[in-house]
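Asker: My structure is below; once you've seen it, I'll send some questions.
The values are calculated or read from the model by the stated rules, or taken from the named source; none is laboratory data. On a predicted model such as this, the values are computed, not experimentally measured, just so you know. Note that we place each Cβ from the backbone using ideal geometry, even for glycine, and neighbour counts take in every protein chain shown.
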Amino acid sequence: MIRILIVDDHPAMRTGLTAVLRAEPGLVPLDAAASAGDLWPTLNRTKPDVIVLDYHLPGDDGLVLCRRIKRQVPSPAVLLYSAYADASLTIPARLAGVDGLVSKAAPASEIYDAVRRVARGERVLPAISRELLDSAGEKLAPDELPILGMTLEDTPLAEMAATLGVKPNEIAHRIDRMIKRLKVEVPAPARSS
Amino acid sequence: MTLLLMTRLLAAGVAVILLVVHRVTPHDPELIALTIVYTAGSLGVLTLVPRLQLSLAAWLVDSVAALALVVASEDWRSPFYILMVTTLILPATGLPFRRALVWGVAFALAYLGVAVYTEVDADTLESTIRLETIATHLMVPLVVVLALAYAADVLERLRGERLRAERLAVESERQRIAWELHDSAKQRVHAAHLVLSALHGQVSGDQGELVAHALAELRAAGADMDTSVAELRTPLEGRSVERLLGERAAELAPVSEAQISVRGSLGELPAHIAAHVYRIGAEALTNAVRHGAAQHVDVVLARNRSSASIEVCDDGRGLPPIRRPGSNGLRSMRARADTIGASLSIGPGAGGRGTRVSLSLPTAPDERS
């Protein structure tokens, strides 16, 4: 049995996803949160195995939220669920500690599969191509490249800090900055006048 | 022009009355006839050919003609003075502020010339009065030009401001619609697609086909919305597909080692079809450059009597045997092709190398060919 928490700001998506996950044997949706604010109390109460997390949320986006979720010990697996799920999201997703990436246009079977795999500890992310790495490299500072490299090789934070001779906190800060620079821009709504 | 019409008729009236009441020259009747003919003629021509209202040559002809009337009246204290001042209206409202001032000064100098030319000797007291009168005669054109040029300048600026405000309003409205489409309607379509897709595979036979059909429709609706959102955010604005693909290629060129060429033309397409075709072509091009590790990417567009086609070929590593998880691009290309009734084929390129994406859509005959 895999216990799942859903985070999506859109009510239709929350109810749809809950119904679809409930219909699949072995998957148990526990609750659905509409925002980062709703997430924390629910997370502490339910202790899910997998969080299905919308990328685009009001306030902090899915990547920022994922960073914070992953700071918890033990942390649930995070499946990023996005309308913008293309390969260019892969590197920022890896940096944020995302375990899987699924498009909102994908059929239910793909989500079932992804949920099961991340719950087993697998990664469901597109392979990172040379081109993707090159274009990410152009957006980052030279001293950030080793952090990217070690993250992609799953080096633990403490080891990274030891190798680079800086405090783990400093590394975490840098990773936050790197994510901010690399993430896919979601167009903002027009300011109401 | 209304201002010119009114003041010139008034000025001509004043000139005619002065000529009738005072004997000014020995040839007053001819001058009256000339005034009427010139006033009617100049106003008629300027009204019928509005282009001339902004023509430097027309302004010059008008000024010289009025000046000639002043000279013909043999004294600079002429019944034609006001008529002469009306020739300033068009240049003062048509020229930028500084040039209008230059025109006004030139006018005053020309009038001074006429005054010197037509001056007759007289005694000292008269000279003083005369000096004052000539000063007034020279100042009036400057005041007229200043006032008109200032007013015209303010009007022009107001018009510009209003245009800008309208453009901004349209722009923010587009962004708002795009946002609502994306944030609300599309989320519901995604949700409906997701729920229905859970049924797929559980029902079989005719009902299974119905579900598959509904799923395809929902995917197409999603793709339609994507295109509308993209079109609302960065509209094609009537630019051709080949030009936009060329621009996309130029954007991609600096971040890739591939040589990209875009050839051929699709001719005229209805706007929403062109939008879908462009987004399919752009996605294929981007995939080839980003994921295909290609050395060459060729985009060929063609149009004949009954169909239009785009082919994007690269010599890269080809399609991955298993779809990349989370990849949305191919799915949305197919859904877009469905929406516009085009056929899309994606497969290995010639000789099994690279990738070949080809889109073909039936069209009405191109009006240009």
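Asker: Can you pull out the residues in segment A:30-75 that are touching a helix residue (DSSP H, G or I) at 6+ places or on another chain (Cβ under 9 Å) and among the β-branched types (Val, Ile, Thr)?
Answerer: Across segment A:30-75, the qualifying residues are A:50, A:51, A:52, A:64, A:69.
Asker: Within segment A:128-148, work out how many residues are under 30 Å from residue A:110 (Cβ atoms) and surrounded by 12 or more Cβ atoms within 10 Å (Cβ to Cβ). Break it down stepwise before answering.
Answerer: Kept after step one, since they are under 30 Å from residue A:110 (Cβ atoms), are these residues of segment A:128-148: A:128-136, A:139, A:148.
Still in the list and also surrounded by 12 or more Cβ atoms within 10 Å (Cβ to Cβ): A:128-129, A:131-136, A:148.
Of the residues in segment A:128-148, 9 are under 30 Å from residue A:110 (Cβ atoms) and surrounded by 12 or more Cβ atoms within 10 Å (Cβ to Cβ).
Asker: Could you check how many residues of segment A:1-51 are within 14 Å of another protein chain (Cβ to nearest Cβ), among the acidic types (Asp, Glu) and out of contact with any Lys or Arg (no Cβ under 8 Å at 6 or more places or on another chain)?
Answerer: 2
Asker: Taking helices (runs of 4 or more DSSP H) that do not extend beyond segment B:4-116, which have at least 2 residues that are assigned by TED's automatic domain parsing to the domain that holds residue B:154 and closer than 13 Å to residue B:141 by Cβ?
Answerer: Answer list for segment B:4-116: B:56-72, B:81-86, B:89-94.
Asker: Against the definition (more than 14 Å from chain B (Cβ to nearest Cβ), crowded, with 22+ Cβ neighbours inside 10 Å and under 11 Å from the mean Cα position of the chain (by Cα)), how does residue A:77 come out, yes or no?
Answerer: On the way: more than 14 Å from chain B (Cβ to nearest Cβ): yes; crowded, with 22+ Cβ neighbours inside 10 Å: yes; under 11 Å from the mean Cα position of the chain (by Cα): yes.
The answer is yes for residue A:77.
Asker: Would you please list the contacts, defined by Cβ atoms under 7 Å and residues six or more apart or on different chains, that run from a residue in segment A:35-50 that is farther than 15 Å from residue A:78 by Cα to a residue that is in a helix (DSSP H, G or I) and modelled with pLDDT of 90 or more?
Answerer: none
Asker: If the Cβ limit is 8 Å and pairs must be 6+ apart or interchain, which residue in segment A:122-143 that is within 22 Å of residue A:164 (Cβ to Cβ) and within 8 Å of chain B (Cβ to nearest Cβ) pairs with which residue that is of a type outside the set (Phe, Trp, Tyr) and assigned to a helix (DSSP H, G or I)?
Answerer: Listed by first residue and then by second, the contacts come to A:138/B:255.
Asker: Are there any pairs, at least 6 apart or on different chains, whose C-beta atoms fall under 6 Å, with the first in segment B:146-170 and within 16 Å of residue B:93 (Cβ to Cβ) and the second small (Gly, Ala, Ser), and if so, which?
Answerer: Matching pairs, first to second residue: B:148/B:92; B:149/B:92; B:149/B:100.
Asker: Please go through segment B:208-220 and give me each residue that is at pLDDT 85 or above and more than 10 Å from chain A (Cβ to nearest Cβ), ordered by number.
Answerer: Hits for segment B:208-220 are B:208, B:209, B:210, B:211, B:212, B:213, B:214, B:216, B:217.
Asker: Within segment A:151-173, track down each residue that is in a helix (DSSP H, G or I) and either assigned by TED's automatic domain parsing to the domain that holds residue A:65 or farther than 19 Å from residue A:63 by Cα (or both).
Answerer: Of everything in segment A:151-173, those that are in a helix (DSSP H, G or I) and either assigned by TED's automatic domain parsing to the domain that holds residue A:65 or farther than 19 Å from residue A:63 by Cα (or both) turn out to be A:158, A:159, A:160, A:161, A:162, A:163, A:164, A:168.
Asker: Residue B:69 - would you say it is of a type in the set (A, V, I, L, M, F, W, C) and either under 47 Å from the mean Cα position of the chain (by Cα) or within 20 Å of residue B:16 (Cβ to Cβ) (or both)?
Answerer: Taking the combined requirement at face value, the residue satisfies it.
Asker: Out of everything in segment A:94-109 that is within 8 Å of another protein chain (Cβ to nearest Cβ) and in a helix (DSSP H, G or I), what residue ends up being farthest from residue B:220 (Cα to Cα)?
Answerer: Within segment A:94-109, the match that is farthest from residue B:220 (Cα to Cα) is A:109.
Asker: Now for a different question. Which of (1) in contact with an Asp or Glu (Cβ under 9 Å, 6 or more places away or on another chain); (2) closer than 23 Å to residue B:193 by Cα does residue A:99 not meet, given it meets every other one?
Answerer: (2)
Condition check ((1) over 20 Å from residue A:15 (Cα atoms); (2) within 14 Å of chain A (Cβ to nearest Cβ); (3) surrounded by 15 or more Cβ atoms within 10 Å (Cβ to Cβ)) across all residues:
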| position | (1), (2), (3) |
| --- | --- |
| B:172 | yes, yes, no |
| B:203 | yes, yes, no |
| B:206 | yes, no, no |
| B:222 | no, yes, yes |
| B:229 | yes, yes, yes |
| B:252 | yes, yes, yes |
| B:266 | yes, no, yes |
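Asker: Let me ask something else. Assuming residue B:96 fulfils every condition listed in (1) within 18 Å of residue B:35 (Cα to Cα); (2) exposed (fewer than 13 other Cβ atoms within 10 Å of the Cβ) apart from one, which condition is it?
Answerer: Result: residue B:96 passes all but (1).
Asker: Let me ask another. If you go through segment A:1-50, how many residues are closer than 22 Å to residue A:103 by Cα, assigned to a helix (DSSP H, G or I) and of a type in the set (A, V, I, L, M)?
Answerer: 9
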